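Below is one structure, written out as structure tokens; comments come after it.
The numbers here are math on the coordinates, done by the rules we state, and not lab data. Just so it is clear, the structure is predicted and the values come from calculations on it, not from any experiment. Note: ideal-geometry Cβ built from the backbone for every residue, glycine included; neighbour counts use all protein chains shown.
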Amino acid sequence: MPAQPAFRRILLKLSGEALMGKMDFGIAPDVMGFLAQELKAVVGLGVQVALVVGGGNIFRGEGLARAGMDRVTGDHMGMLATVINALAIQDAVERVGLEARVQSAIRINEVCEDYIRRRAVRHLEKGRVVIFAAGTGNPFFTTDSAAALRAVEMNVDLILKATKVDGIYTADPKKDPTATRYAELTYDQALDQRLGVMDQTAMVLCRDHKMNLRVYDMDRPGALMSIVTGDLSIGTRVHV
């Protein structure tokens, strides 16, 4: 008997850096292919999937702002980088037979749709993967905040934050061998301990709207499928 999904609609938050794989810059084709296959398996169960992607593999506005660039200009450049990544993800998932739509929070009609909430919901209902680009469309807000906002607007059942480690730890496990993984946390605990799960704006929005969040290792084959079919052992759950 095929596995049954535990969630009707999910939103996956990907950093731009996650798309680099082992490269120092840009988009790794093997990462895109792996991601597309993971998404195909989940969509095949009937789960509706949205994504929010960052742009740090191409450009980080905040970093250049620290070096002297105007912050608003830098953030707008970062938004355009997320559109590049979103188009790459759209191409990858379409190559494995899925339908996908990119919706941008800034107007760039020649290459993708404008973000329109009701249209995005309709795409999801039709089984299309919806990729939200350009963050919130406003400077000074991260793509974490965009993920939280879109998750609330789309009324998703679960936000998944894909990282390079298998959950949230007491310290950076790559630097501290004594760090231990949390099985679950409340949003207030994560905020009080400044664990860096997401930025504080995103965390508060998730908390106030009682969103379920799970942080997991995106490089683990089958992890996404296991989570959406109810495996509670993977990653770290964050809740109210």
Relative to the compact globular guide of 2.2 N^0.38 Å, what is the alpha carbon radius of gyration of segment 9-239, as a ratio? 0.96
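Pairs of Cα atoms under 8 Å, at least six residues apart: use those to get the relative contact order of the chain, whole percent. Provide the component values of the computation, followed by the final result.
Details: 481 pairs, mean separation 52.7, N = 240.
Reported relative contact order: 22 percent.
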Using a Cα-Cα cut-off of under 12 Å, which aspartates and glutamates could be cross-linked to residue 22, ignoring same-chain neighbours fewer than 8 residues away? 30, 219
Do any trypsin sites (Lys or Arg not before Pro) in segment 79-186 lie in a DSSP loop with no more than 16 other beta carbon atoms within 10 Å, and if so, which? 107, 126, 164, 174, 175
Straight-line reach from residue 210: which lysines have a Cα under 25 Å away, not including same-chain ones fewer than 8 places off? 13, 161
Segment 118-176: chymotrypsin sites (Phe, Trp or Tyr not before Pro) in DSSP coil with no more than 16 other Cβ atoms inside 10 Å: 140
Quote the charge dipole size of segment 9-239 about the Cα centre in Debye, to the nearest 20; the model charges only the Cβ of Lys and Arg (+1) and of Asp and Glu (-1). 360 debye
At most 14 other Cβ atoms within 10 Å plus a DSSP loop assignment makes a site exposed; report the longest stretch of the chain without any exposed GluC sites (Glu not before Pro). 111-240
Segment 71-159 - Debye-derived log10 I(q)/I(0), Cα point model, q = 0.19, 0.24 Å⁻¹: -0.86, -1.29
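Nearest 0.05, what FRET efficiency do residue 184 and residue 3 give at R0 = 25 Å with Cβ-Cβ as r? Intermediate results must be reported in sequence, preceding the final value.
On the way: r = 23 Å, r/R0 = 0.90.
Result of the calculation: an efficiency of 0.65.
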Among 145, 15, 226, which one moves the most in a GNM of the chain with springs linking Cα atoms closer than 10 Å? 226
So which chymotrypsin sites (Phe, Trp or Tyr not before Pro) in segment 1-36 end up in coil per DSSP with only 12 or fewer other C-beta atoms within 10 Å? 25
PRE zone check, label point 7 Å out along Cα-to-Cβ of residue 126, amide N under 16 Å, scope segment 78-98, hits 94, 98
